[in-house]
Amino acid sequence: MSTIIRASAPAKVNLVFEVGQLAANGYHPVNSLFLALDLREELTLVKGEPGTGISIYVHGDSIPEAHINAVPTDHSNLVHKTAVLFAKKLGKATPDLQIDIHKRIPVAGGMAGGSADAAAMLVAMNEFMAQEHGTERLSINELAQIGAELGSDVPFCIYGGMALGTGRGEIITPLEDLSFQTNWLLCASNKGLSTPTVFATFDELGSGTAFTDLKDISAVSSAEELGSRMANDLEQAAFSLMPSLSEQVAQLEELGAIRAMVSGSGPTIAALFESEAKAREVSKVLISQGVVALTSKGGAQGSRLDG
Ligand code: ATP
């Protein structure tokens, strides 16, 4: 029987995203507070016929078709890059693989969709190579180290939960989970925003703030208090590139969100609600207006193997 491995990884929102001045290495230092959501990418990896290389199939019905079509299926897909890098790290040839990606995270939406795929692929490859080639399984920290080479958000998608991200966002300090459940409504846009373009606009606007100490955030005791701490230094840049976003934020708060904010580099908007019922009620209103609105809970597990 052919080897089949299933793995998944969560989306993220940045509850706080503080961005510093562009550094000489070409990156912006960030001070980020990540929260994993129970919106998961699911990956299935099947051993391919010898000599067939890597083939990637992407599907999903909860996000617009345009999002699915925007995901490359060639060597530029992050999952393909992950397979090549992981095998290289083990000193092995890249295996022949058929990879199925079930996408639930809006693409180019500032929610780490590609990074979640890479994080799921790392745990899947770890298992595949152990089963097929007898390699030793790497630890979560070792997987996160390889993940950092693939993208700044990959390590967080491996750890999940709630964490601080410093450096480029790839240096992860796990925090204790919040003491209450957070309920989110995510509004995706039909068009994506390129992360480098948002950062370039941020540079033009000069809208960065000083970094603050975020470690005490686990101690907040209500969604109201959490909402008052949410902040995103990239929000003004996203608004200036896509002015409709600021109207959408205002609309969500009028409809009862405790706080609505652009997620990371956008254009997805993450809105925090007091209850799951309220988030669902507002999602129905928005869906009837043609908006892609997804409800989700905060505090999900990082990448893992699924049975
Ligand atoms: P982040 O929040 O980490 O900045 P994002 O969620 O805004 O990222 P992604 O969904 O990761 O953005 O997609 C960014 C671009 O990466 C896409 O436009 C697509 O061309 C490319 N890409 C490569 N591999 C993938 C993948 N597996 N899933 C989604 N996009 C991918």
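Computed quantities for the displayed model
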quantity: Top-ranked residue in the stretch 1-60 [being acidic (Asp, Glu) and under 30 Å from residue 127 (Cα atoms); ranked as surrounded by the fewest Cβ atoms within 10 Å (Cβ to Cβ)]; calculated: 49
quantity: Residues within the stretch 235-272 that are closer than 23 Å to residue 64 by Cβ, in contact (Cβ under 8 Å) with a residue 60 or more places away in the chain and not small (Gly, Ala, Ser), tallied; calculated: 6
quantity: All positions within the stretch 74-92 that are more than 9 Å from the ligand (Cβ to nearest atom) and either surrounded by fewer than 21 Cβ atoms within 10 Å (Cβ to Cβ) or not in a helix (DSSP H, G or I) (or both); calculated: 74, 75, 84, 85, 87, 88, 89, 90, 91, 92
quantity: Given (1) over 15 Å from residue 30 (Cα atoms); (2) over 18 Å from the mean Cα position of the chain (by Cα), index of the condition residue 238 fails; calculated: (2)
quantity: Scan of the stretch 148-201 for residues that are assigned to a strand (DSSP E or B), within 13 Å of the ligand (Cβ to nearest atom) and small (Gly, Ala, Ser), ordered by number; calculated: 165, 188
quantity: Residue satisfying condition, being charged (D, E, K, R) and touching a helix residue (DSSP H, G or I) at 6+ places or on another chain (Cβ under 8 Å), within set 74, 61; calculated: 74
quantity: One residue from 117, 96, 38 being closer than 28 Å to residue 163 by Cα and more than 14 Å from the ligand (Cβ to nearest atom); calculated: 38
quantity: Residue in the stretch 176-188 that is closer than 22 Å to residue 54 by Cβ, buried (at least 24 other Cβ atoms within 10 Å of the Cβ) and aliphatic (A, V, I, L, M) present; calculated: no
quantity: Number of positions in the stretch 257-296 that are over 27 Å from residue 237 (Cα atoms) and in a strand (DSSP E or B); calculated: 0
quantity: Meets criteria (modelled with pLDDT under 95 and crowded, with 17+ Cβ neighbours inside 10 Å) for residue 129; calculated: no
quantity: The lone exception for residue 105 - which of (1) more than 23 Å from residue 298 (Cβ to Cβ); (2) within 15 Å of the ligand (Cβ to nearest atom); (3) crowded, with 21+ Cβ neighbours inside 10 Å it fails; calculated: (1)
quantity: Test result for residue 221, out of contact with any strand residue (DSSP E or B) (no Cβ under 9 Å at 6 or more places or on another chain) and either at pLDDT 95 or above or crowded, with 20+ Cβ neighbours inside 10 Å (or both); calculated: yes
quantity: Single unsatisfied condition, residue 110 versus (1) within 10 Å of the ligand (Cβ to nearest atom); (2) assigned to a strand (DSSP E or B); calculated: (2)
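The values are calculated or read from the model by the stated rules, or taken from the named source; none is laboratory data. Note that the structure is a prediction, hence the values are computed from the model and not measured. With ideal geometry, Cβ positions are generated from the backbone for all residues, glycine too; neighbour counts draw on all protein chains shown.
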